[in-house]
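**Student:** I'd like to ask you about the structure that follows.
The values are calculated or read from the model by the stated rules, or taken from the named source; none is laboratory data. Note that the coordinates shown come from a computational prediction; the quantities given were computed from them, not determined experimentally. Positions of Cβ are backbone-derived with ideal geometry, glycine not excepted, and every protein chain shown enters the neighbour counts. Side chains are part of the model used for accessible areas, which takes the heavy atoms of the whole protein and leaves out ligands, DNA and RNA. Shrake-Rupley method; radii C 1.70, N 1.55, O 1.52, S 1.80 Å.
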Amino acid sequence: MKKRFAIFMMVLFALLVSSCASAQKAAEQNEKMARDIEGYQLPVLPTDSTAVVYVVRQSRMAGMMIPFKISIDGHPEILKNGSVDIFIIKPGSHSFRAKSENQDEILFTAEAGQTYFFEVTPKMGAFIAQAAAAPLDAVSGTYLVKRLYDAGSYILNLEDDKVSSDSKDSE
């Protein structure tokens, strides 16, 4: 009985130590990202009457051939592997959706002058990759935009009830 208790305590201690180490590693990673984005300005900034949403998809081997369908309030766009799409929106309640074999939805309220970040990642599906959407903090989101924003990034302006779009590579 004492031996089992000792083994249990050693396992518990090992789990505790490893969780502290992973929390410290995450904090160090966040500090590294914050240093990397110091002085970086996002390509599209919100105004006093708009908010900006950045949707990022890191370049990964898993699901790389599957473009995800994303939308804000039903305005569709295609998010390719290793890319950033940008939505300029009015303040208020909004729905962000990422769709593939499944559909993942995030409801959020945008405030004027604010920037929001979402990441879409592939996860295992029955036939093709599924889309998993999650909000990102400002440091992580800005870091990914800095790494992924390029000539193929797509900007969709939804601020007026007229939809206009622009791809950076058409400038």
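**Student:** For region 130-171, which positions are modelled with pLDDT under 70 and over 22 Å from S95 (Cα atoms)?
**Tutor:** From region 130-171, those modelled with pLDDT under 70 are 151-152, 160-171; that's our starting set.
Residues satisfying the conditions are A151, G152, S167, K168, D169, S170, E171.
**Student:** I would also like to ask the following. Which of the residues spanning region 130-148 are open to solvent by less than 50 Å² (accessible area, probe 1.4 Å) and either free of Cβ contacts under 8 Å to residues at least 12 places away in the same chain or within 16 Å of L42 (Cα to Cα) (or both)?
**Tutor:** Answer for region 130-148, where residues must be open to solvent by less than 50 Å² (accessible area, probe 1.4 Å) and either free of Cβ contacts under 8 Å to residues at least 12 places away in the same chain or within 16 Å of L42 (Cα to Cα) (or both): L136, V139, S140, G141, T142, Y143, L144, V145, L148.
**Student:** May I ask you to verify whether A112 is at negative phi and open to solvent by less than 60 Å² (accessible area, probe 1.4 Å)?
**Tutor:** yes
**Student:** Here's another thing I want to ask about it. Across region 78-99, what is the number of residues that are open to solvent by 30 Å² or more (accessible area, probe 1.4 Å) and either in a loop (DSSP other than H, G, I, E, B) or not hydroxyl-bearing (S, T, Y) (or both)?
**Tutor:** Looking only at that region, the number is 7.
**Student:** Please state which of the following conditions V56 fails to meet, knowing it meets all the rest: (1) at pLDDT below 60; (2) assigned to a strand (DSSP E or B).
**Tutor:** Here V56 clears every test but (1).
**Student:** Hey, among F127, F117, which residue is part of a loop (DSSP other than H, G, I, E, B) and either at pLDDT 85 or above or open to solvent by 70 Å² or more (accessible area, probe 1.4 Å) (or both)?
**Tutor:** Numbers: F117 fails: part of a loop (DSSP other than H, G, I, E, B).
On inspection, the qualifying residue turns out to be F127.
**Student:** Just one of (1) over 24 Å from V44 (Cα atoms); (2) modelled with pLDDT of 85 or more trips up H94, so point out which.
**Tutor:** (1)
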